[in-house]
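Report on one structure; see the data block that follows.
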Amino acid sequence: MRRRLLALVCVSASLLTGCGVMSDSAAERRTVTVWLMQHSASPDFLDRFTEEFEREHETLDLDIRVQEWTGIGEKVQQALRDDDPDGPDVIEVGNTQVSAYAEGDGLLDLTLESMRDWGRDDWLPGLAEPGRWGSQQYGIPWYAANRVVVYRKDLFRAAGVTPPKTRDEWLETTERLDTGDTQGIYLAGQDWYTLAGFIWEEGGELATERDGVWRGALDSEAALRGMDFYRRLQRLGDGPVDADEEHPPQAGVFAEGRVAQIVAVPGLVRAIVQQNPGLEDKIGYFPVPGTEAGRPGAVFTGGSDLVVPAGTDAEDAAVEVVAALTGARWNTDLARTMNYVPNKASLADSVAEEEGLRAMAAGAARGRATPATPRWSVVEADNPIKEYMTRVLTGADPGKEAERAARRITETLAFD
């Protein structure tokens with residue numbers, strides 16, 4: 001209630017000192033401070049949203065403050081701890097970060113609004129699930145992005161192949177494309193987000209929780225099948241076995257013109273075309289294939305949720321902002337503007353006219369997120385999955401290496 005108390009103090013001081021009294025209309029107005037991340041929404045979108053929101057909510061003013069991702073975790077934690085009258089009322093956070101903020105009772109429980117008003121059951125699972133802590137919903141899905149297969153239409157035609165519908169077909173197609181100077185696929189050896197999708201598709205997990213205890217799960221039979229598929233696919237190209245997709249950046253490798261496929265978000269194509277404009281009309285997209293025809297494979301879903309700090313004194317107003325930004329009208333507007341996937345499967349048709357977004361939306365229906373434990377970020381900081389992948393790709397025993405990696409994950413996830 002920090003701002004409400006401050007306002008009462010100011011009014012009382014004015015009456016005592018004769019410094020004038022605010023008008024009724026001014027006293028009724030309230031500013032809602034919103035922290036959004038850099039590049040999440042265009043300035044034009046934010047201007048349009050602010051103008052329309054304030055017109056529909058005559059007593060509310062929006063103060064949107066754009067933040068940088070670098071160092072944002074500590075900044076958000078500090079904001080949740082502080083009793084700052086100028087602090088945020090709504091915050092955009094990464095979908096996998098919600099549990100870390102909810103753990104300390106720093107976020108407002110939005111379960112009721114989610115179920116009663118916002119259609120929680122239709123949200124993309126890769127955004128909705130990590131937005132929960134326990135059985136409560138704290139993070140409200142805003143937008144999503146996930147990997148698809150970016151491919152060269154001309155190379156597919158030359159090889160006499162079409163986009164595959166199943167993983168077995170994908171292997172066969174990629175093998176036919178992997179000829180001469182052309183790589184069937186460029187897949188870096190430590191692209192663990194892509195591996196995660198293969199593991200989930202087989203029914204495996206990166207880690208599992210039982211009675212509040214998290215354990216690494218890379219050594220399950222299902223997870224090992226996912227790694228084996230990754231190994232078989234990765235060998236149909238020249239991706240480095242000891243580096244991830246950013247070392248070197250795979251956009252640059254694809255732009256060189258000798259790669260038939262990569263696994264990436266569609267937005268990466270902008271960087272490819274900037275480096276090689278001649279590829280602009282030669283690039284296509286299809287969802288990562290699954291084990292069954294007609295059903296895309298599981299993929300990691302990245303993106304953002306909106307949260308409300310528990311200490312805000314503008315609770316009702318903050319909820320109105322979240323409802324507007326995540327509702328169908330503005331959510332589809334954002335998706336079209338920024339090339340995102342909307343937060344609900346039922347809104348996928350709103351981006352269907354664009355090939356890359358259509359492929360991404362199809363995959364997002366089977367999207368997943370990393371394990372919903374605050375300590376998963378510690379796992380990623382010294383990622384044993386990457387080392388595991390390199391060891392398997394260089395000939396080490398998969399079972400033994402999976403056990404080693406799973407044990408390290410278990411140790412890291414154990415609370416001090």
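The values are calculated or read from the model by the stated rules, or taken from the named source; none is laboratory data. Note that this is a predicted model, so its numbers are computed, not measured. All Cβ positions, glycine included, derive from the backbone under ideal geometry; neighbour counts span all protein chains shown. Ligands, DNA and RNA are stripped out before the accessible areas are found, and what is left, the full protein with its side chains, is counted by its heavy atoms. Shrake-Rupley method; radii C 1.70, N 1.55, O 1.52, S 1.80 Å.
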Tell me, what is a quarter of the convex hull surface for the C-alpha atoms of the chain, in nm² with one decimal?
22.5
Between 0 and 90 degrees, rounded to the nearest ten: what's the tilt of helix 315-326 against the longest Cα principal axis of the chain?
30
Listed by chain and number, the residues whose amide H is under 5 Å from that of GLY367, excluding neighbours fewer than 5 places away on the same chain and using placed H, are GLY126, VAL299
Per-residue HN-Hα couplings for the range 167-175, Karplus 6.51 cos²θ - 1.76 cosθ + 1.60 at θ = phi - 60°, whole Hz, x for Gly and Pro?
5, 4, 5, 4, 4, 5, 4, 5, 5
Rounded to the nearest 10 Å², the accessible area of ASP178 using a 1.4 Å probe with every protein chain kept is 60
If exposed means no more than 16 neighbouring beta carbons inside 10 Å and the site is in a DSSP loop, what's the longest run of the chain without any exposed GluC sites (Glu not before Pro)?
104-255
May I ask for the angle, rounded to the nearest 10°, between helix 221-234 and the longest principal axis of the chain, with both axes built from Cα atoms and the value confined to 0 to 90°?
70
Arrange the residues SER135, SER304 by how much accessible surface each exposes, largest first, with a 1.4 angstrom probe.
SER135, SER304
Which one of GLY278, GLY303, GLY239 has the biggest mean-square fluctuation once the chain is modelled by GNM with Cα springs under 10 Å?
GLY278
Please work out how many pairs of lysine residues in the chain are eight or more positions apart (or on different chains) and have Cα atoms closer than 26 angstrom.
5
Do any chymotrypsin sites (Phe, Trp or Tyr not before Pro) in the range 27-117 lie in a DSSP loop with no more than 15 other beta carbon atoms within 10 Å, and if so, which?
TRP69
Tell me the per residue accessible area of the range 351-406 using a 1.4 Å probe; a whole number in Å² is fine.
41
I need the P(r) histogram for the range 298-416: all alpha carbon pairs, bin width 5 Å from 0 out to the longest distance, whole percents.
2, 10, 13, 13, 12, 13, 13, 12, 8, 3, 1, 0
Cα-derived Rg to Rh of the range 128-213, Kirkwood definition
1.12
Given contacts defined as C-alpha pairs under 8 Å and at least six residues apart, what's the relative contact order of the chain, whole-number percent?
25
Hey, any idea what % of the range 113-175's accessible area is carbon plus sulfur with a 1.4 Å probe?
43
Just PRO249, PRO240, PRO289 to compare: in a GNM of the chain, with alpha carbon springs under 10 Å, which one fluctuates most?
PRO249
